[in-house]
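Coordinate-derived values only; no laboratory data. All values reported here derive from a predicted model rather than from experimental measurement.
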Amino acid sequence: MPELKVVNPGLFASIQDAGRFGFRRFGVPWSGVLNPEAAKLANALAGNPLDSAVLEFFQNGLTLQLTEGVLRLAVVGDCLLDLQRDTRRRVFRSGRSVNLLPGDTLQIGRVNSGKVGYVAVYGGFDLPVVMGSRSTYLRAGFGGLNGDLLRAGSVLSVVATADAGCNHHLPVVNFVADRVESPPDGRPPRTIRLIMGPQEDYFTRSAHQLLLSEVYRISHDSDRMGCRLAGPRLEHDPDKGAEIISDGLVPGAIQVPGSGAPIVLLADGPTVGGYPKIATVISADLPALATMMPGAKLRFAAVTVEEGEDILRASRAAFATRLEAIEPLPTVCEPFADLLS
């Protein structure tokens, strides 16, 4: 059985999959990957079912070493890969799969646009299923590898399977995420669409206008639970106050506590809360917001429920096209093709 050792985990690396559903009434969030499409692309490149568990890593990248067996893995994210084999070294782009031999070390570099990337391994990680998912839920300490972040020295076992055939890649022209962009301050604000409510009546008309007209920034205090926004404060209706009787929450809900600073809830966010929610980010745009780098700018635009559904259908159709763009890599594109005989 192949074993993959974490040499350097970078920041907040963990095992995630499509999510843990059906348990929110017990206080268990969905968890799962912050960018489902990127994770599915990684699995497709590796030759796995699209909802298989992946390694989610953050901005600084990470380093992995294959200590036992042979392994095919795929990396998706805007980063470079540095593969070391014995005394040889090759650097190549992400958005592809690659074969590792025992002793190989793969350094996954800094993520240049967005803040997360994904590693999928052919055959999948050999980890227990907890409540229908292998996703790590850190606050409760279950799922993933012992319910914890990946640490230096962590070892991930991979389900032994037959050979997956040739490696695959996403052609750069079709792989928009594999593009180096300017720093957050140099980019125009990204438009994130939302549906107003369910407690928009708890806010003043001025708060509504600010939310839909001003520029916000992603705070450095953001994490997998929620994305804190820096920008104009949103004023609550003085007759209703800044609290409600606790009710249900979902990822994408924009809570506004008494401070007036909005918080967009993400995959590990709470399942109930007592702050009013002025709006909810649509499903199609939530991954983009969840993976924006600290300091990145955004604007909100309101849409109807029907428009949000149409946008989601169009997004899924576009993703299906991206999956179809995956193609085999010729042998000459292997990092150590010159060593093959």
message: I need to check one value: relative contact order of the stretch 13-135, counting alpha carbon pairs closer than 8 Å and at least 6 residues apart, in percent.
response: 34 percent
Sequence-distant lysines (8 or more away, or on other chains) whose Cα lies within less than 18 Å of K297: K115
task: Please compute the Cα-Cα pair-distance distribution of the chain with 10 Å bins starting at 0, giving whole percents from short to long.
output: 6, 25, 32, 22, 11, 4, 1, 0
message: Once each part is reduced to its C-alpha centroid, what is the distance from the stretch 125-161 to the stretch 203-236 in angstrom?
response: 34 Å
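DSSP beta bridges in the chain, what fraction antiparallel, as a percent rounded to 5?
95 percent
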statement: By the C-alpha gyration tensor axes a ≥ b ≥ c (rounded if a/c is under 1.5, else prolate when a/b exceeds b/c, else oblate), the shape of the stretch 204-246 is oblate
